[in-house]
Each structure stands twice: as structure tokens, then as C-alpha cells.
Amino acid sequence: MNRRVFYFSLLGLSLASCSSVDNKRAAGDFDYAEKQEARVLTIPEGLDKPAQYNDYFVSDKINQNGPVGIDVDVRAPSLVLPVASSSRVVNDSDKAIIWFDKVLEDKDLALFIYSAVEEQLAGDEVGLSVVDAEKKIFESDWYHTEVESGFWPYKTVEQSESMRFRYQLEAKPHGRSVSLAVSLVDYMKTDRSGGTKTMDPIDQQRAEMAMLNEIVAQVDYKYRLQQKENRLMRANQQLVSIGENPEAEPAYIVEMKSDMLWSNLPSFFSKYGFDITDMNEGKKIYFVDFVKPDNSFWSRIWGDAIPVIDIDEAKYRFELAEVEDKTAVTIYDADGNVLPQATLTRVYDVMEEGLSFRTPL
């Protein structure tokens, strides 16, 4: 026999044997399923019945029609995956349900989750209809899956499966917590053995859990998308401008409370070449020495160069003063002279980025 044909024959046998494995069923010896129940002990007349202990008694009040042996489904139960921010599961519940707590203060939580359901179904190319708007009950159109065999143009459909889901939202009275429950409402399956509208309970639970997890992942994606938009908005927002302090001296006006700006300034100083030598927290004054950062050749190559503030290397004084809901940052030299507006304008681009405390996107 040709060696290549021999190898392909072995490969075909191995694939056939693999395809015959049913991961839903247990594998092994099921002789126990054929064992007959022991007969009740018969006590002859005139003899005393021996003492009995029920410590290890097993009741026969069980589902006598349930699967036995190879028919037992051994798959692990499906779980709801609370991967979205502030999502939580219901303990000891076998239902496909999850709770979301409010994350975005400017968004209606129930509408936000409903939009996630809409977007998930739209991505699956499945329609969504309203069953009861007041009770927030919605249903999907049919999800269809087919298993084909053969090769084109001789393909045949071995199995066709269709299902529809119901989605119900329930909000707490305060509106900051909303639950989403998913349940199967319609099912049809057709294969070589015929058709059925009844789904195995374990398969039904797994289908409901899988659908719910898809929506939870969609909610998580929407949260991440909103966070990115918020970061972009902050990055494009001008938080620093040139104005005047309460004494009508040139100063940077930062849209931040003075206490918060005061606590954040040390990180600005350390990044841009300022060394704090003294401070007066009561008057919100920092005394600093300035040395221009030394950007090496490699830092410029790798894009790690620090923007340099184009002022003399000397001693400076940063004074903070509240201006309505903002803070004026006035810079004085060692002689107590305020930096003129022309200097503030020349170094504005670097100072604006630094005093905005932007982080990379």
C-alpha cells in the first residue's frame, strides 16, 4: 500500500473516532445501572426484628424516570459571568439573571442595558420586539443554526435548530440597580430522527446563560467605550488658560479647586524639572529650583522625551489663589518679580499639558 494512502487512512480513522465522542455523556463501565435493588429482609415468624439504623439511609423518593448510566449528562453547570463593572450575580440561583449597579451618573441605567441588548441582537442580525413596555419585557426573533454535511454542491442539512429568548429588566425604586433576566420562550429542532419543540433542561439553561453572558459582555464593551470617550473629551478640553490673579497679575487659570491642584502639583514638578525646596501650605506657596530635563538621544528615539519649559534655570515661587471655582497659579522669580504674560504665552503649550495632568490614552 502507498505510504501516503496509509497515513491518510489512519487520519480518517482517528477523526471518525474523535467525532463519535459525546462530551455530554459519561464514559466508562455502567454495570451499576443494571444492578437490582436488594430485597427487603424477611423476618420469620416468632423471631425478633433486628435493630435498624437510618444513618446512611437513601430515600427512593427520587425521579425514577431520570437518566441512568450513559444517558446521564455530565457537563458542568453554566455560570453567569459578571465581567461588566458593578455587576453581580444572584447567589444560589440557577436562573440566567444578573444585577447591574449604576456606574455612569449621567446615564439612565435601565436604558443603558436595554441599548446593550439592542446592539447585541443587531450584531447577531436578530430583531427585538417589545412585549410589555411598562414591565420592560422584550423578546428576540428567531436565532437559527444549521449543521451541514458533504461538499458543495452536494451539501445536506443534518440538523436545524431555532430558539427565541425573552429579556426582562427590573429596576429598584431608586433606579441605581437594575436586573436583567433571560429565558427561552420558543424552541424548534429538526434532525434525522425527526423534530421536537422541547429542549433538554440542561441545554436550555446553558443557552440562556450563554445569551445572558453575551449581553453582559456587550454592557462591559459599552462601559469601556464610554470611558474612552470621556478620556478623549478630557484630553481635548482646555483646562488651563492665561488670565489674572486676584491682584491683577498675569497667571495661569486652572479649572480645578486649589486644594486638589495643591496636592497634584508635586507630580507636575517632578516630571518637568522642578525640585521643591520649601512650601507654605497655609498660603498655598511652593518654592522650587528649576533645572531643564536632560533628554537623552535614546529617550528622543523612543518617544520618551519630556517637553522642556523654556525658562531660565533658577529659583521660582508658585502661588495658588482661588478665583471663583478655579485656581490662579502665579509664578515669581527669585527676586519676587512675576513672570510676564509674554513668558506665560511662550511656554503655554507645555504648561497647559502639565497643569491639565493628562494621562496617555
Under 23 Å from LYS35, Cα to Cα: lysines that are on another chain or at least 8 residues apart: LYS61
Length added when fully stretched, GLN52-ILE137, from 0.36 nm per residue minus Cα-Cα: 25.0 nm
Charge dipole magnitude, Cβ of K and R +1, D and E -1 - the chain, Cα centre, debye nearest 20: 1040 debye
Burial ranking of peptide ranges 149-157, 134-142 (average Cβ count within 10 Å, highest at the top): 134-142, 149-157
Extension gain (nm, one decimal) between ARG231 and ASP278, 0.36 nm per residue minus Cα-Cα: 13.5 nm
Per-pair calculated FRET efficiency, R0 = 45 Å: PHE30 and GLU170 via Cβ, rounded to 0.05: 0.55
Nearest-ten-degree value, helix 201-236 long axis tilted from longest Cα axis of the chain: 10 degrees
Euclidean distance between Cα centres, the stretch 316-361 to the stretch 143-207, Å: 62 Å
Fraction of accessible area attributable to carbon and sulfur, the chain (%, probe 1.4 Å): 51 percent
Accessible area of the stretch 121-279 divided out per residue, in Å², using a probe of 1.4 angstrom: 60 Å²
Nearest 10 degrees, 0 to 90: helix 258-272 Cα axis against the chain principal axis: 90 degrees
Among 73-82, 48-57, the order from most to least packed when residues are scored by Cβ within 10 Å on average: 73-82, 48-57
Cβ-derived FRET efficiency at R0 41 Å, LYS257 paired with GLN204, nearest 0.05: 0.15
GLU353 paired with LYS107, simple spin-label distance in nm, labels 7 Å along Cα-to-beta-carbon: 3.1 nm
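The values are calculated or read from the model by the stated rules, or taken from the named source; none is laboratory data. Remember, it's a predicted structure, so these values are computed and weren't measured experimentally. Don't worry about glycine lacking a Cβ; one is built from the backbone with ideal geometry, like all the others, and counts go over all protein chains shown. Please note that ligands, DNA and RNA were not included when accessible areas were found on the heavy atoms of the full protein model with its side chains. Shrake-Rupley method; radii C 1.70, N 1.55, O 1.52, S 1.80 Å.
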